[in-house]
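Beneath this line is the structure, given in structure tokens, with notes to follow.
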Amino acid sequence: MGNTVRALVAIIPADRCQNFVVRDLREMPLDKMVDLSGSQLRRLPMHVCSFRELVKLYLSDNHLSSLPLELGQLQSLQILALDFNNFKALPQVVCTLKQLCILYLGNNKLCDLPNELSLLQNLRTLWVEANCLTQLPDVVCELSLLRTLHAGSNALRLLPGQLRRLRELRTIWLSGNLLTDFPPVLLHMPFLEVIDVDRNNICYFPSLAHLSSLKLVIYDHNPWRNAPKVAKGVRRVGRWAEETPEPDHRKARRYALAEGSQEAPAPPPPLPPTNS
């Protein structure tokens, strides 16, 4: 159904596109999925809201900035994709869809998330990458079944300590933010399997060897001078990733000099005062 709609939309002029979609969506799709991605929609076709058994709704890559209250009729919905649209705030009606397991909100203009998001207690996957978040909303820490959090390409400088409450969280993607320190809260989350802090401003990595479930850590493109220690069998992606457990400091300095680093070496620690 979804592929058919997209194929037909591609040969219809943009100004006639939405009318065609409305006419096409008269009956509930057999696969309980509607895919209107890339259909140049500025509003959701109301017929969609009558498909009360709909399980998957893909509205990616449109021009949506709001959603009708009637969307709340889709109480069987488990997957909702709203990425690559023009949302400046998450429509409250989304927070009434209590069966949602996967919610894609990436590549919008979101600066925050509503407290009502905590009503989505079945949510397992949340994508909020490439928005305008300067801090991770506290409400995310109330999504107790969350397993995957993608918050890359925002402007995050730290993570809330309450994040450790998410004991089901296994994967966290934080690449392309403004982190200057490795988030301390992650050191208290031994159940994490994947940590991505690529493309931040982290200068030093603490040991991650105690994170017993860790399988992959991505830490490249940071101004650091050490690789994080990890337990045996954990894959590291970044400079010195093949060296175990830490790169030789003399090699690290040669590497930095070879890159033409202009950074002055750190001064030695001051001598302790003498008793005279």
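The values are calculated or read from the model by the stated rules, or taken from the named source; none is laboratory data. Please read these numbers as outputs of a predicted model, since none were measured by experiment. For neighbour counting, all protein chains shown are included, and Cβ atoms are generated from backbone atoms with ideal geometry for every residue, glycine included. Accessible surface areas use protein heavy atoms only, side chains included; no ligands, DNA or RNA. Shrake-Rupley method; radii C 1.70, N 1.55, O 1.52, S 1.80 Å.
Gain in length, Asp31 to His210, computed as 0.36 nm per residue apart minus the alpha-carbon separation, to one decimal in nm?
Extra length from Asp31 to His210 when fully extended: 60.0 nm.
For the modelled label position 7 Å from the Cα of Gln75 along Cα-to-Cβ, which residues of segment 84-114 have backbone nitrogen atoms closer than 16 Å?
Output list for this probe position: 93-100.
Quick one: length gained pulling Gln121 to Gln92 fully straight, 0.36 nm per residue minus the C-alpha distance? Don't skip to the end; give the middle numbers.
Working: separation 29, 0.36 × 29 = 10.44 nm, distance 1.53 nm.
The Gln121-Gln92 span can extend by a further 8.9 nm.
Using a 1.4 Å probe and counting only protein heavy atoms, arrange Met46, Met189, Met28 so the residue with the most accessible area comes first. Display every interim value, and only then the final one.
On the way: Met46 95, Met189 0, Met28 65 Å².
The residues order as Met46, Met28, Met189, largest area first.
Using a 1.4 angstrom probe and counting only protein chains, how large is the accessible area of Lys215 in Å², to 10?
120
Just to confirm, what accessible area per residue do you get for segment 77-149 at 1.4 Å probe, in whole Å²? Intermediate values should be presented prior to the final figure.
Numbers: 2850 Å² over 73 residues.
Value for segment 77-149: 39 Å² per residue.
If you roll a 1.4 angstrom probe over the protein chains with everything in place, what fraction of the accessible area of segment 151-224 belongs to carbon and sulfur, to the nearest %?
53
Let me cross-check Glu70: its accessible surface, 1.4 Å probe, with only protein heavy atoms counted, in Å² to the nearest 10?
Result for Glu70: roughly 80 Å² accessible.
Could you give the dipole magnitude of segment 51-146 about its Cα centre, charging the beta-carbon of Lys and Arg +1 and that of Asp and Glu -1, in debye to the nearest 20?
160
Would you kindly find the accessible area of Trp224, with a 1.4 Å probe and non-protein molecules such as ligands, DNA and RNA excluded, rounding to the nearest 10 Å²?
0
Considering the Cα positions of segment 72-199, please state its Rg to one decimal place and its Dmax as a whole number of Å.
So, for segment 72-199, Rg and Dmax equal 13.8, 44 Å respectively.
To the nearest 0.05, how large is the calculated FRET efficiency for Cys203 and Lys229 if R₀ is 22 Å and r is the Cβ-Cβ distance? It would help to have the intermediate numbers written out before the result.
Working: r = 16 Å, r/R0 = 0.73.
So the FRET efficiency works out to roughly 0.85.
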